[in-house]
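J.: Dumping the structure here so I can ask a few things about it.
The values are calculated or read from the model by the stated rules, or taken from the named source; none is laboratory data. In this text, all values refer to a predicted model and were calculated from it rather than measured experimentally. Note that each Cβ is placed from the backbone with ideal geometry, even for glycine, and that neighbours are counted across all protein chains shown. Ligands, DNA and RNA are stripped out before the accessible areas are found, and what is left, the full protein with its side chains, is counted by its heavy atoms. Shrake-Rupley method; radii C 1.70, N 1.55, O 1.52, S 1.80 Å.
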Amino acid sequence: MDFNVDHFALFGLPRAFRIDSDALDRSYREIQAQIHPDRFADADEAAQRRSLQWATKANEAYQTLRKPLPRARYLLELLGHKVKAENNTTMSTAFLMEQMEWREAVAEARAAGNVTDLADQEVRVRGQIRQAYETLALDLDERRDCQAAEDGVLRLMYLEKLLAEIDEALAALEQ
């Protein structure tokens, strides 16, 4: 096996955002069956080390490809476009204001113990996330528009974090 192969090639998948999850799972299980360190328990030290390295690479690749946001970031990197989330200043003011308003609404609903309001916000945010992933798939797979895809990834990072905050608030109120 070629240790320099990208994650998609490792699992025999095309480089695309939309992937066949079942094919990914099957390929991962097949690779793990071949390279799992337990199979090399009686092998020499070099073979054990290679097995462990391959198992680690397969695990990291699988974790990256099975979740849409890390898969999008990885695909952008393969296309030569690294997402710069740490120092991002490109999000629109309108989107950033909307994020602040949503976070304030979540905090207010949580403080008031308003589960219904939080549940409504959760539905809205999930809808926004669904739409953002559909757009991201088009940007990556059809338009090959890396800048738009990067903007979509950044937007999704905000939305996923907001959804986690809403879920956390709901869980706290349901206790």
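J.: Of the conditions (1) farther than 26 Å from L138 by Cα; (2) not in a loop (DSSP other than H, G, I, E, B), F3 clears all except one; give me its number.
T.: Unmet condition: (2).
J.: If you don't mind, another one. Among the residues of the stretch 59-87 satisfying the criterion of being surrounded by 14 or more Cβ atoms within 10 Å (Cβ to Cβ) and more than 16 Å from R18 (Cα to Cα), which is modelled with the lowest pLDDT?
T.: V83
J.: I've got another one for you. Does any residue in the stretch 127-145 that is touching a residue at least 24 places away in the same chain (Cβ under 8 Å) come within less than 6 Å, Cβ to Cβ, of a residue that is open to solvent by 70 Å² or more (accessible area, probe 1.4 Å) and assigned to a helix (DSSP H, G or I) six or more places away or on a different chain, and which pairs are these?
T.: Close Cβ pairs satisfying both conditions: A132/R155.
J.: Have a look at T56, T93 and point out the one that is surrounded by 11 or more Cβ atoms within 10 Å (Cβ to Cβ) and either of a type in the set (S, T, Y) or on the phi > 0 side of the Ramachandran plot (or both).
T.: Details: T93 fails: surrounded by 11 or more Cβ atoms within 10 Å (Cβ to Cβ).
Testing whether each residue is surrounded by 11 or more Cβ atoms within 10 Å (Cβ to Cβ) and either of a type in the set (S, T, Y) or on the phi > 0 side of the Ramachandran plot (or both) leaves just T56.
J.: Quickly run through the stretch 152-162 and pick out the residues that are out of contact with any Leu (no Cβ under 9 Å at 6 or more places or on another chain) and in contact (Cβ under 8 Å) with a residue 40 or more places away in the chain. Break it down stepwise before answering.
T.: Going residue by residue through the stretch 152-162, those that are out of contact with any Leu (no Cβ under 9 Å at 6 or more places or on another chain) are 154, 159, 161-162.
L154, L162 - these are the residues of the stretch 152-162 that are out of contact with any Leu (no Cβ under 9 Å at 6 or more places or on another chain) and in contact (Cβ under 8 Å) with a residue 40 or more places away in the chain.
To keep it simple, each residue is scored yes or no on (1) surrounded by 12 or more Cβ atoms within 10 Å (Cβ to Cβ); (2) among the acidic types (D, E); (3) at pLDDT below 95.
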position: Y133; (1), (2), (3): yes, no, no
position: A137; (1), (2), (3): yes, no, no
position: D141; (1), (2), (3): yes, yes, no
position: D145; (1), (2), (3): yes, yes, no
position: D151; (1), (2), (3): yes, yes, yes
position: E160; (1), (2), (3): yes, yes, no
position: A164; (1), (2), (3): no, no, no
position: A172; (1), (2), (3): no, no, yes
